[in-house]
1. How long is region 250-350 along each principal axis, judged by its Cα atoms, biggest number first, in Å?
2. Quick one: net charge around Phe292, please, counting Lys, Arg +1 and Asp, Glu -1 for every other residue with C-beta under 14 Å from its C-beta.
3. Can you list the HN-Hα couplings for region 334-350, worked out from phi with the Karplus curve (6.51, -1.76, 1.60; θ = phi - 60°), rounded to whole Hz and with x for Gly and Pro?
4. Determine the sum of side-chain charges near Gly120: Lys and Arg each +1, Asp and Glu each -1, restricted to other residues whose C-beta is under 12 angstrom from that of Gly120.
5. For region 249-256, take each phi angle, set θ = phi - 60°, evaluate the Karplus expression 6.51 cos²θ - 1.76 cosθ + 1.60, and give the result in whole Hz per residue in order, putting x for glycine and proline.
6. Of all trypsin sites (Lys or Arg not before Pro) in region 191-283, which ones are in loop regions per DSSP and have a Cβ with at most 14 other Cβ atoms within 10 Å?
7. What nm distance separates the two modelled labels at Phe225 and Ser188, each placed 7 Å from Cα along Cα→Cβ?
8. Springs between alpha-carbon atoms under 10 Å, Gaussian network over the chain: tell me which of Thr64, Thr327, Thr247 tops the mean-square fluctuations.
Amino acid sequence: MAQVQFIDEVSLQPIPSVNVYHQKGNLIGFSTKEGILEFIPEGKAKISYPLQIHVQHVSYENATLQIANENDKKTIRLKPRANVLPEIVMNKPDAAFVCIRGYFRSLETYNLEHKYFADGIMEFYIPLKKGRVKYKLLDYRVYRDSAVVKEYNEKMGPFFQAPRVVDIAAGKMLDRLTKLQQIETSDSSISLQKKNSEVGHVLIAKSQNSLSFYQDEVLPDTVRFQKIFRLEAKIRHAASIENYASTSLNTVSAKDLQNVYQLITGSIKRKAEFGHIPYEVINEFYVMDRSFLSESAYKKIESELTKNVYKVPAHSRYKERFWENLTPYDIAPINQGLATQLGKNLKLVN
């Protein structure tokens, strides 16, 4: 197969978790922690050359490129997105929660086809000390491909649920890293390791006042098995990318968040005759603004919030065309291939 590597055009470092789409919009691969394009195994037979692909990443500008043949070798430099959110300053003495309002996207694919897509505006409410993160959906669109949903229900049943929004952790990032070995590889990078294998990194860019965290919860060259009732899942990657408007690893937390990307990719099986079928879930969140709340202010709205990231919005609900007002926030646009399917194969659910 062709060998394509994605690197940062400024630092020249490899870029993990680049989403790669076929020109028709189908999700066909991702980049590894070394930045190498890895095609979804079950989709390799459907690839023909020359191949035009669209690439997307939460931290970089979208790009389109062509792979000439299976022996093609390319190094693609992606341009980092601007840091549009300043470092947060807390000026509310009685603050107990931070509210981060932003744009979310959720994509679910089954058997290399798009099954579900949603996007919208939401708010996360994050305790500054102890407690659970909760959220509220404000305006949102929901799209489904009825043919893919039908096939999925026939082969897998309707009970398996995927996360529909990103899972944000409260507390300091440093506390979350205690289970990982941290090896400083330079004054601006830390390698995260588990069982003597690198599973992620922390990169600090002082010139951009930013910190980036990456981790894949599945060890390199392994598969994680999971069973839920009669459904069996093989997870090849469970990757997260988080970007922050801060350069202090000792204090950085969700209040400094800029954006989040979370990926689960692998295959699922319920009936032996169908075998394992490719399955992916991608969730993204981009912060648009932030504010602080006191304990009493939070209590007044707590009944309107939920903590279940698996809750599926059944229908679209929006008062404003929010997707037309994202440019000032430098949010990565929906990739061109997927965008062409909205309203066609993927129908809006009203």
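1. 55, 34, 32
2. After counting each charged neighbour, the total is 0.
3. Whole-Hz 3J(HN,Hα) from phi for region 334-350: 4, 4, 4, x, 5, 4, 5, 8, 5, x, 10, 4, 8, 9, 5, 9, 9.
4. +3
5. 5, 5, 10, 4, 8, 4, 5, 9
6. Loop-located and lightly packed - Lys195, Arg230, Lys271.
7. Label-label distance for Phe225 and Ser188, simple model: 4.4 nm.
8. Thr327
The values are calculated or read from the model by the stated rules, or taken from the named source; none is laboratory data. Quick caveat: nothing in here was measured; it's all calculated off a predicted structure. Note: ideal-geometry Cβ built from the backbone for every residue, glycine included; neighbour counts use all protein chains shown. Only protein heavy atoms, including side chains, enter the accessible area calculation; ligands, DNA and RNA are left aside. Shrake-Rupley method; radii C 1.70, N 1.55, O 1.52, S 1.80 Å.
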